[in-house]
1. Within segment 396-418, take every residue that is basic (Lys, Arg) and in contact (Cβ under 8 Å) with a residue 24 or more places away in the chain and give me the one that is most open to solvent (accessible area, probe 1.4 Å).
2. Just checking, does segment 181-204 include any residue being loosely packed, with under 12 Cβ neighbours inside 10 Å and modelled with pLDDT of 95 or more?
3. Would you check which residues across segment 213-248 are under 26 Å from residue 297 (Cα atoms) and crowded, with 16+ Cβ neighbours inside 10 Å and list them?
4. Does residue 421 qualify as being more than 30 Å from residue 455 (Cβ to Cβ), open to solvent by less than 50 Å² (accessible area, probe 1.4 Å) and either modelled with pLDDT under 95 or not small (Gly, Ala, Ser) (or both)?
5. Would you mind telling me which numbered condition in (1) under 28 Å from the mean Cα position of the chain (by Cα); (2) touching a residue at least 60 places away in the same chain (Cβ under 8 Å) residue 635 fails?
6. Which pairs turn up if I take residues in segment 380-395 that are open to solvent by 50 Å² or more (accessible area, probe 1.4 Å) and look for partners that are in a loop (DSSP other than H, G, I, E, B) with beta carbon separation below 6 Å, at least 6 apart in sequence or on another chain?
7. When you scan segment 350-374, how many residues do you find that are out of contact with any Leu (no Cβ under 7 Å at 6 or more places or on another chain) and buried (at least 16 other Cβ atoms within 10 Å of the Cβ)?
8. From (1) modelled with pLDDT under 90; (2) open to solvent by 30 Å² or more (accessible area, probe 1.4 Å), pick out the condition that doesn't hold for residue 566.
Amino acid sequence: MNVLKTIAARFAKALEAIGVEPEQYLDLIRPSQDVKFGDFQANFAMPLGKKLGRAPRDVAADVVARLDYADFLEVPEIAGPGFINLRVKTDYLAGLLQQTATDERLGVEKVEEPRKIVLDFSAPNVAKPLHVGHIRSTMIGNSLALILRFLGNDVITDNHLGDWGSQFGMIIYGYRNFLDQAAYERDPVEELARLYRLTRQLVDYQDAKKKIGELENQLTAAREALDAQKARCAEAKAADDAEKTKESKDALKKSNKERERLTKAVDAAQEKFDGAMSKIDGVESAPELAQLAEGRETIGTDVLNETSKLHHGDEENLALWRQFMPQCLSEVDKIYERLGVQFDESLGESFYNDRLGPLVERLKADGVARETEGAVGVFLEGQEVPMLIQKSDGAYLYATTDLATLEYRRDRFQPDAILYVVDFRQSHHFEQLFEAAKYIDMGDVELTHVKFGTVLGDDGKPFKTRAGDAVGLKSLLDEAEVRASAIIEANDAARAPEDRFPEEEKRETSRRVGIGALVYADLSQNRESDYVFSYDKMLAMNGNTATYMQYAYARVRSIFAKGEIDVDALRREFDSGAKTLLLGSPEERALAFELTNFQGALEMVARDYRPNWLTAYLYELANKYSSFFERRPVLKAEDENVKASRLFLCDLTSRTIAKGLELLGIQTVERM
C-alpha cells in the first residue's frame, strides 16, 4: 500500500509516451508541503522543459494528457510555471484502508526482489561492560534488521564479538597481578571489569609519563608560533589601515586565517597535554595507585606479551581466557535480553584466528600484500597509506580479522549485502576494507558502512561519568526505568483507588516506558548526527518521544475499553464489506491519508538505512490522530455508521503505531 509508488508507476508510462526516460524525474514527485496543493506534487516539468526546449506548462499538460489516473486520482491541476498538483480520490483511500481490516501486515507489501543481507552490529569488547556508545550500534542495527525482514528480505544478524584483542591481555595481566580473590568469587564480572580498568589506567599512566615531555615541547612550540603569527597579524592590520588596497586586505585576510589555524593547533596541543597530565595526576594523586604503578614502567609491553601468548596458544593464558569468557558473555547477554535484541550469529574474533595466517600468506602470494617497514600491508588504489594486515612482530590486526570475516560470510551465506553498523570514527578503516575486498573475490556484494555519530553530555562532549569513564549501558537502563517509574507512580496516584495499577503492571509498564524512551531517543536522530543525552527530553509526554507514542497508543486503546467495543468483530465487519469506511471530514481524510504512508516510511528506512524516517512518520501519524480525536467525537458520533468508521480509524492507527514501535524494537503499553 504505497500510493506514491502507484503514482510514480503511472507517470513513468506517461513520460515514456512523450519519449522521455522517466527514472531521473520520478524522484521529483513528492508529498505536498501544503494540503491546499493536494496530496502530492510532481515538479519535473521545469527541468524537463529546459531539456526539451519547451515551456514547462506545455510539458506538464502533455504528460497529464497521457496519464492514466481516473481510477484513483482527481483531475490533476497544473499550477504556476508547471507544477502538477495531485489529489487522491477519497473513496480510493477508504478502499485501500478497508483492505487492511484484518491484515496483520497493515497493507505493507513485501519487496519484489528480496535480498540476503548480513547485518553486523553491536560488536562489543566482551572483556568490559557495555557502555553508552553501544546503544547506537545495537539499536540502529536491531531496528534495521526488524524492518528489512518485515519488508521480506532474508536478514542474518551477526554480533562480531571482541573476544580476542588486547583487552584480554589487560585482564590476564590484571588477574595475575591485582586480583581480589574474594571479590572475584562474589562477582566475577565486576572484578574482571575492575582489573581491566585498573590495568588500562596504569598502561595509560606509564605511556603518558613517557610522552609528557614531548607533548609539553609541542605545546610550547605551538604557542610560540601563534604569538609570532599574532605579531604578523598586527603588522598586516597596520599596513591595511594605512594602504586600504586589495593587496593589503588579502594579506590581512591570509594572515588572520593562519592565526586561526595556529589557534586550533594550540588548542589541540593543549588538549593532548592536559589529557596526559590528567592520566598522570589520576595515578599519582592516589597513593594506592601510585604504589601499584611503581616499578611497572614496562606494563604496556607486558600486556602486549600476555596478548601475544594468548594468540599463539599459550596453555595458561588460553585456560584463563576460557575461564573468563562465560562470565563476560553472560553479562552482555543480560543487556541484550533487557533490550529485546537477538542475534543469528555471535562469532568472536577468536573464531577467525586460525584463518589469519593463511589469509596473509595467500595475499602475499597473489601479489596483493607486501612488506612495508617490517610489517605487511595491502596497497590500495588511491590510498597513500597501506592497510596493514600484519605487524612487524607478527601480530595480526582488526583489518586482517575483518577480511577473514568477509570471506567466511561470503562462503557461508552468499549474501547480496553486508552492512556494518559502526560509529563514524571507523570510516577510514571501512574505506580501506571495502577497497581491499576487491582482492578476495567478493563479487558484487554490497558493502556499506552504516555510520553514526556520538552520544554527548550537556557539555557537548562524549557522554561520560564524572570519573571520565564511558557511562555503562546497564546504569543507563536502570536509571531510565527508575525515572519512568516515577512518572507512572505520579499518574497512578491521580487515579481513583479502584483504577490504580497492580504493582506487577507498574513494574512492567515502567520497564517498557523507560527502555522504550532510551531506544526511541537514539533512533529518532539522524544516525550520522551527534545528539545530547537527556532523560528529561526522552521521557517527555509530548514531542517526538517514545513516551508520547506509547501514550498515544494507550489513549487509542482506552476508547475500545471505555466503549466496550469488540474490536475483532469490528474488523470483520469492515473486512466483509458489511461496514464502509467514511471519510467525511478533513481530519478523517488527513488521518486516513497518513495511514497509507506507512509502507513508504519503511521503504525510506530500507533505502538509506535510517530508522529516523520511521520515527518521523509515527510522530506525524500521532499528531494527525490527535487532531482527528480533538475535533471528531468517536463514541458519541452522530450515528452508528460514523461511529463504526471512526472506531475503525482508531483501531488502524493503534495497530500502525504498535507495529511501527515493534519494528523499532519498542514495546507498547495498554495504559499509562
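The values are calculated or read from the model by the stated rules, or taken from the named source; none is laboratory data. A quick note: this is a predicted structure, and the numbers were derived from the prediction, not measured. Methodologically, a virtual Cβ is constructed for each residue, glycine included, from the backbone with ideal geometry; neighbour enumeration extends over all protein chains shown. Ligands, DNA and RNA are stripped out before the accessible areas are found, and what is left, the full protein with its side chains, is counted by its heavy atoms. Shrake-Rupley method; radii C 1.70, N 1.55, O 1.52, S 1.80 Å.
1. My answer is 410.
2. Checked segment 181-204: at least one residue is loosely packed, with under 12 Cβ neighbours inside 10 Å and modelled with pLDDT of 95 or more.
3. Within segment 213-248, the first condition is being under 26 Å from residue 297 (Cα atoms), and the residues that meet it are 213-219.
Listed by number, the residues that qualify are 215, 218, 219.
4. Criteria not met by residue 421.
5. (1)
6. 388/397; 392/374
7. Pass one, segment 350-374, residues out of contact with any Leu (no Cβ under 7 Å at 6 or more places or on another chain): 350-358, 360-368, 370-374.
Then drop every residue that is not buried (at least 16 other Cβ atoms within 10 Å of the Cβ), which leaves 350-353, 355-356, 360, 363-364, 368.
The qualifying residues number 10.
8. Among (1) modelled with pLDDT under 90; (2) open to solvent by 30 Å² or more (accessible area, probe 1.4 Å), the lone unmet condition for residue 566 is (1).
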